[in-house]
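Undergrad: To start, I am sharing the structure in question, which I have written as structure tokens.
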Amino acid sequence: MDIHKAEQAADIIRVAKYTVAFTGAGVSVESGIPPFRGENGLWNTTNPKFLDIGFFNTKPLQSWKIIKEIFYDKLLNVKPNIAHHVLAKMEKRSFLESIITQNIDHLHQEAGNRYVYELHGTYKQLVCTECSTEYDISFADLNFLPPTCYICKGILKPDIVFFNEPIPFFAKKRAFEEIAKSDVLLIIGTNAEVLPAAEFPMRAKERGAKIIEINIKESHFTRTITDLFIHAKATEAMKKIGEFLYL
Ligand SMILES: [Zn+2]
């Protein structure tokens, strides 16, 4: 990694009025969360149909068996890494206003960030398909599948956006509002190829924001709208930026 670029990023962030981070799988891989897409992606080994809302609604037990294996048997004890921790310290020290994330692991909140907009929900929470009551995962008993609602006995579903389900309205609305206010957008670990994610960097750029991008591979933003590209892992780059910000 080019250390000088991390220093430049810190300089930009230090004088910014409203920095927003936009994060994806690359932030969480080093916490042990597998990416969904791309090589080594979850969808290479697991049939994505189990996470299709139509399939879930007709065969919830079949869907839940796979979901439990993927998320609840392996990914409940994952911990935030240094990239999450630096972002949390940045918020605390007013170097960061909010995070828009495509990740569903809730690790930004667990690291201490308070203003996080989860575009795809989180598997750390369940929601009743009948009465919409939400449950923290610690209240659910996954020994009996599918888990059901304590209030109405409806089937509970992980509070993530399934295939063929819309992005939650509130998160999307707030994400666009944050983008509109930003003067620096810090893209970390995502190539944001799907909508609405793909739109955020464009919108920010149109409004004159500086775009800092941290990725291990160039994205379609790198040579078009990115002002400062840091070619590095999220943990490596954020650790250095944190040091230059004296966090
Ligand atoms: Zn219910």
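Undergrad: Scanning the stretch 124-144 for residues that are of a type in the set (A, V, I, L, M, F, W, C) and buried (at least 17 other Cβ atoms within 10 Å of the Cβ), which turns out nearest to the ligand (Cβ to nearest atom)?
TA: CYS128
Undergrad: Here is a follow-up. Exactly one of these conditions fails for ASP159: (1) within 16 Å of the ligand (Cβ to nearest atom); (2) more than 30 Å from PHE221 (Cβ to Cβ). Give me its number.
TA: Of everything listed in (1) within 16 Å of the ligand (Cβ to nearest atom); (2) more than 30 Å from PHE221 (Cβ to Cβ), ASP159 misses just condition (2).
Undergrad: Further question: Applying the selection to the stretch 150-166, what residues are surrounded by fewer than 19 Cβ atoms within 10 Å (Cβ to Cβ) and touching a Leu at 6+ places or on another chain (Cβ under 6 Å)?
TA: PHE163
Undergrad: Right, something else. Checking PRO196 against (1) farther than 18 Å from LEU96 by Cα; (2) modelled with pLDDT of 95 or more, which test does it fail?
TA: The failed condition is (2).
Condition check ((1) at pLDDT below 95; (2) touching a strand residue (DSSP E or B) at 6+ places or on another chain (Cβ under 6 Å); (3) of a type in the set (A, V, I, L, M, F, W, C)) across all residues:
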{"residue": "ALA9", "(1), (2), (3)": "no, yes, yes"}
{"residue": "LYS17", "(1), (2), (3)": "no, no, no"}
{"residue": "THR23", "(1), (2), (3)": "no, yes, no"}
{"residue": "VAL29", "(1), (2), (3)": "yes, no, yes"}
{"residue": "PRO35", "(1), (2), (3)": "yes, no, no"}
{"residue": "GLY38", "(1), (2), (3)": "yes, no, no"}
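Undergrad: Among the residues of the stretch 73-100, which ones are in contact (Cβ under 8 Å) with a residue 60 or more places away in the chain, surrounded by 18 or more Cβ atoms within 10 Å (Cβ to Cβ) and touching a strand residue (DSSP E or B) at 6+ places or on another chain (Cβ under 9 Å)?
TA: ALA83, LEU87, MET90, PHE95, LEU96, GLU97, SER98, ILE99, ILE100
Undergrad: Give the stretch 141-165 a look and list any residue that's within 22 Å of HIS108 (Cβ to Cβ) and outside any strand (DSSP E or B), or say none.
TA: VAL161, PHE162, GLU165
Undergrad: Additional query: Show me the helices (runs of 4 or more DSSP H) found entirely inside the stretch 31-136 where at least 1 residues are under 24 Å from LEU186 (Cβ atoms) and of a type in the set (Gly, Ala, Ser).
TA: Filter on the stretch 31-136 gives 82-92, 107-111.
The values are calculated or read from the model by the stated rules, or taken from the named source; none is laboratory data. Everything quoted here is computed from the prediction, not taken from an experiment. Cβ: placed from backbone, ideal geometry, glycine included. Neighbour counts: every protein chain shown.
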